[in-house]
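First comes the structure, then the notes that go with it.
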Amino acid sequence: MAVYSRTPLAFERGEGARLYTGDGEAYLDCMAGIAVNALGHANPILVKALKDQAEKLWHTSNIFTIPGQERLAKALTDASFADVVFFTNSGSEAIEVAIKTARKYHWAKAQPERIDIIGFDGSFHGRTLGAINAAGNPNYTEGFGPPLPGFVHLPYGDFDAVKAAVGPTTAAIILEPVQGEGGARSWPEQMLRDIRALCDETGTLLIYDEIQCGLGRTGKLFAHEWAGHASPDIMALAKALGGGFPVGACVATAEAAQGMTVGSHGSTYGGNPLAMAVGEAALAEIVKPELMAHVREIAGFFTQQLSGLIERFPDVVQEVRGKGLLIGLKLKTPNREFMQHARDNHLLLAGGGDNCVRLLPPLNLTLEEASEAIGKLEASCEAARAKAKAPQDKVGA
């Protein structure tokens with residue numbers, strides 16, 4: 001189906017932060033499959049985990065005990081606020097579980113009228129019908145029938161609007177602590193704490209979508225940890241959890257998940273032995289304190305260098321956003337054109353809303369590679385400036 005606007009660029013193999021075309025041209029990958037390949041391409045630890053498991057068992061039904069699920073679930077709950085986990089194949093599926101968990105919680109407490117999920121503009125929660133209705137972006141909902149009932153959308157960052165919207169039919173509030181596709185906007189830490197307190201006061205569940213911003217991307221294992229006492233009741237994870245292998249998870253407190261009894265949900269492939277083996281290996285690497293320290297170091301380098309980029313190219317770059325290695329550059333030139341300039345310099349960037357481009361490199365990107373990325377960004381800014389001036393120069397001639 002013609003649903004992707006593809007660039008005519010194909011890769012044959014990857015290694016670390018590099019992708020290689022069939023004819024051997026190397027690109028510095030600061031996109032990482034959109035925050036997926038968190039430990040780089042063909043990471044030997046993950047490759048070994050996949051190969052070892054592939055020679056044993058690929059798939060069994062979830063009617064049987066799957067030991068890898070139990071081990072990975074324990075690792076996730078030990079490292080987070082959560083007590084229970086449901087494994088999926090993707091972030092969108094994890095969001096679906098989160099929505100169902102929130103609504104079933106209130107149903108189990110004899111409050112079936114509490115179905116409303118409050119979301120925010122600029123959010124992105126995936127492509128299923130439930131996920132696109134939770135985000136409410138008309139670019140993704142148009143043409144797919146009337147809006148689903150039970151979803152409320154508010155302006156990003158407006159706490160007064162949140163307080164006014166929470167009422168007797170509210171089931172949950174859903175947000176990304178750092179928006180990805182919405183333009184790398186980071187929720188103020190105090191506001192996350194205020195929303196947590198409001199949820200406690202009103203019996204509303206708090207859902208975090210940390211599919212992109214979680215699992216070490218910001219320099220802490222989970223982005224909400226920067227805010228202190230602002231843990232959610234339910235959280236959706238994916239992307240980095242498999243380091244490139246499809247795996248997602250919805251984690252929750254036992255209280256929030258009390259309505260999810262036998263038969264409430266299920267998945268054929270979710271939690272399959274292959275995914276669990278890679279997920280175990282990936283999470284074991286991501287939780288290491290030295291990797292998180294490294295993320296903070298590289299993020300600090302980018303912050304410093306990108307500030308200098310704004311000073312040198314104020315006609316191209318307007319603002320640096322985000323947190324950790326989820327970095328957004330709000331541009332004054334069209335972001336799609338800038339992404340092409342970057343590709344011309346063999347640098348891969350992700351797009352984003354609000355005319356942003358995103359840098360989402362592997363978490364183990366070296367300082368030398370980060371410096372190389374800055375050089376390629378500078379060259380891309382030069383190209384964008386030259387293109388912007390070209391029509392004017394032509395008119396003058």
Quiz item: In the range 357-377, what count of residues is obtained for those that are farther than 14 Å from Phe338 by Cα and basic (Lys, Arg)?
Solution: 0
Practice problem: State all residues of the range 167-184 that are at pLDDT 95 or above and out of contact with any strand residue (DSSP E or B) (no Cβ under 7 Å at 6 or more places or on another chain); if no residue qualifies, say none. | Solution: Gly167, Pro168, Gln179
Quiz item: Of all the helices (runs of 4 or more DSSP H) wholly in the range 37-145, which have at least 2 residues that are without any contact (Cβ under 8 Å) to a residue 40 or more places away in the chain, in contact with a His (Cβ under 7 Å, 6 or more places away or on another chain) and at negative phi?
Solution: 129-135
Practice problem: Output the residue which, of all residues in the range 15-36 that are in contact (Cβ under 8 Å) with a residue 60 or more places away in the chain and either part of a strand (DSSP E or B) or over 26 Å from the mean Cα position of the chain (by Cα) (or both), is surrounded by the fewest Cβ atoms within 10 Å (Cβ to Cβ). | Solution: Glu25
Practice problem: Report yes if Cys381 is surrounded by 20 or more Cβ atoms within 10 Å (Cβ to Cβ) and over 30 Å from Lys220 (Cβ atoms), otherwise no. | Solution: yes
Quiz prompt | Single condition His265 does not satisfy, out of (1) in contact with a strand residue (DSSP E or B) (Cβ under 7 Å, 6 or more places away or on another chain); (2) not assigned by TED's automatic domain parsing to the domain that holds Ala75 | solution = (2)
Quiz item: Among the residues of the range 214-235, is any acidic (Asp, Glu), out of contact with any Cys (no Cβ under 8 Å at 6 or more places or on another chain) and crowded, with 22+ Cβ neighbours inside 10 Å?
Solution: no
Practice problem: Answer with yes or no whether Pro8 is over 28 Å from Thr261 (Cα atoms), free of Cβ contacts under 8 Å to residues at least 12 places away in the same chain and under 24 Å from the mean Cα position of the chain (by Cα). | Solution: no
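The values are calculated or read from the model by the stated rules, or taken from the named source; none is laboratory data. Computed from a predicted structure; not experimentally measured. All Cβ positions, even for glycine, are placed from backbone atoms using ideal geometry, and neighbour counts span all protein chains on display.
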